[in-house]
Amino acid sequence: MSDLWRELCGGIEPVSEAWRETALRRLDTLTKPLGSLGRLEAVAAQWVAVRRERWDEPMRKGVTIFAADHGVTAEGVSAYPSAVTEQMVLNFLRGGAAVNVLARLHGVDLSIVDVGVAANFDEAPGLVRCKVARGTANLRREAAMTAEQLDAALAVGAEMADRAAERGQTLVAVGEMGIGNTTAASAITSVLTGLAASAVVGRGTGASAEMVARKVEVVTSAVRHHFGVAARVLAEDILRCVGGLEIAAMAGMMLRAARLGVAVVVDGFISTAAAALAAESAPGLRGYLFAGHCSEEPGHGLLLERLGLRPLLTLGMRLGEGSGAVLAMPVLESGVALLREMATFASAGVSEADVEPAAANEAEG
């Protein structure tokens, strides 16, 4: 385990169960039937468990998109050429992507980070330039990253978490852009779950049936090449061998954000793969994570289950970019606003139901 990985995974204070209970007790005093706000109540209580005494401060939202290319695209695993990574970064910077629209609509600060795009951006105002390498190596043939590249990408993510905290952001979404990265996420999922590639590989960015079969073959080959029949593999080694520079940066940002007491909304399959790897070495991270949505990728649901996370939204999305995470932010924000602003039975002069909380929950099924 590298010194940086150990540092990032250490020092994460567990979320406060005492503060969670305080929130749940307050929710039971609000002018509504017990439990009637459904999952919004659990979401709001988790926010309080993360933020503690600062829970009712104004919520400031941010989304960081890490962009990088993948050498595994040489294996014909994507319907789009690698050049699309560069092109989409430019689209983000011009404000034309889905995540731009959603971020503007919901008041979310947006940052675009080049951590490993296989192109130079000579004219790209607004881009955060942190390029570690021009993409990863072909994970089917060799380790995707060297140990030095992995540490550098992790450090980029940690720096972006520091910047978010310095800007006063209390809720961050972590997204990505990288042609070929569903193959990397599928390999990560296969190793973590022990499942065959055929159980975790999906269509990615619209792959044909033939291309999906090719992805299954590539993931199977990569996992066998790097890990054989190893009973246990360190998360850091999984990330280095079959991950991506943007996946490493996302993991680094999530770990540092949690250490800083900043809540994280995980996006889609690739973002969740980063979270799952980070949580393998830092179980306390889980309490700081909200799952924005569940995508159409079969591996995504498996990773959410492994993390113990329930998605706030299930809309059949498979776009990436942090779009699902940004779209889910208003749901979380709404839950917290209800907790903060609703009147209590006592303050409103409203009579309470003569029902114990447990009885009310049973009645609601």
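The values are calculated or read from the model by the stated rules, or taken from the named source; none is laboratory data. All of these numbers come straight from a predicted model, not from anything done at the bench. Here the Cβ is made from the backbone with ideal geometry for all residues, glycine too, and neighbour counts use every protein chain on show.
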Next on the checklist: Step by step: first the residues of region 289-315, then only those that are farther than 22 Å from Gly38 by Cβ and not small (Gly, Ala, Ser), then the one that is modelled with the lowest pLDDT. Which residue is that?
Outcome noted: Glu296
Checklist outcome for this item: Across region 166-182, the tally of residues that are touching a residue at least 40 places away in the same chain (Cβ under 8 Å) and over 17 Å from the mean Cα position of the chain (by Cα) stands at 4
Next on the checklist: Let me spell it out: the conditions are (1) surrounded by fewer than 18 Cβ atoms within 10 Å (Cβ to Cβ); (2) on the phi < 0 side of the Ramachandran plot; (3) at pLDDT 95 or above, and Ala164 meets all of them except one. Which number is the exception?
Outcome noted: (1)
Checklist outcome for this item: Contact list, first residue from region 118-145 and over 24 Å from Ser2 (Cβ atoms) and in contact (Cβ under 8 Å) with a residue 24 or more places away in the chain, second anywhere and among the hydroxyl-bearing types (Ser, Thr, Tyr) and surrounded by 18 or more Cβ atoms within 10 Å (Cβ to Cβ), beta-carbon distance below 7 Å, six or more apart or interchain, is Ala118/Ser82
Checklist entry - Does region 111-133 contain any residue that is within 20 Å of Ala152 (Cβ to Cβ), modelled with pLDDT of 95 or more, of a type in the set (Lys, Arg) and crowded, with 18+ Cβ neighbours inside 10 Å? => result yes
Next on the checklist: Need pairs with beta-carbon distance below 6 Å; first residue on the phi > 0 side of the Ramachandran plot and at pLDDT 95 or above and within region 316-337, second assigned to a helix (DSSP H, G or I) and surrounded by fewer than 20 Cβ atoms within 10 Å (Cβ to Cβ); sequence gap 6+ or separate chains.
Outcome noted: none
Checklist entry - In this structure, does Val72 turn out to be farther than 30 Å from Asn138 by Cβ and either buried (at least 23 other Cβ atoms within 10 Å of the Cβ) or of a type outside the set (Asp, Glu) (or both)? => result no
Checklist entry - Does region 183-209 hold any residues that are surrounded by 15 or more Cβ atoms within 10 Å (Cβ to Cβ), more than 21 Å from the chain's Cα centre (by Cα) and over 15 Å from Gly301 (Cα atoms), and which are they? => result Ala207
Next on the checklist: When you check Leu37 against the structure, is it part of a helix (DSSP H, G or I), more than 19 Å from the chain's Cα centre (by Cα) and not basic (Lys, Arg), yes or no?
Outcome noted: no
Item to check | Within region 255-304, considering residues that are of a type in the set (S, T, N, Q) and not in a loop (DSSP other than H, G, I, E, B), the one surrounded by the most Cβ atoms within 10 Å (Cβ to Cβ) | outcome: Ser271
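Let's see how each residue does on (1) touching a residue at least 12 places away in the same chain (Cβ under 8 Å); (2) part of a helix (DSSP H, G or I); (3) farther than 23 Å from Gly284 by Cβ; (4) of a type in the set (A, V, I, L, M, F, W, C):
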residue: Leu4; (1), (2), (3), (4): yes, yes, no, yes
residue: Glu7; (1), (2), (3), (4): no, yes, no, no
residue: Glu13; (1), (2), (3), (4): yes, no, no, no
residue: Arg20; (1), (2), (3), (4): yes, yes, no, no
residue: Ala23; (1), (2), (3), (4): yes, yes, no, yes
residue: Ala45; (1), (2), (3), (4): yes, yes, no, yes
residue: Gly62; (1), (2), (3), (4): yes, no, no, no
residue: Ser78; (1), (2), (3), (4): yes, no, yes, no
residue: Met88; (1), (2), (3), (4): yes, yes, yes, yes
Next on the checklist: Just the residues that are more than 16 Å from Val262 (Cβ to Cβ) and buried (at least 20 other Cβ atoms within 10 Å of the Cβ), please, taken from region 31-54.
Outcome noted: Leu34, Glu41, Val43, Ala44, Ala45
Next on the checklist: Tell me yes or no: at least one residue of region 210-225 is surrounded by 16 or more Cβ atoms within 10 Å (Cβ to Cβ) and not in a helix (DSSP H, G or I).
Outcome noted: no
Item to check | Filtered residue count, region 192-209, keeping only those that are farther than 19 Å from Gly320 by Cβ and outside any loop (DSSP other than H, G, I, E, B) | outcome: 6
Next on the checklist: Looking at region 109-149 only, could you name the residues that are among the β-branched types (Val, Ile, Thr), in contact with a Gly (Cβ under 6 Å, 6 or more places away or on another chain) and closer than 21 Å to Ala161 by Cα?
Outcome noted: Val132
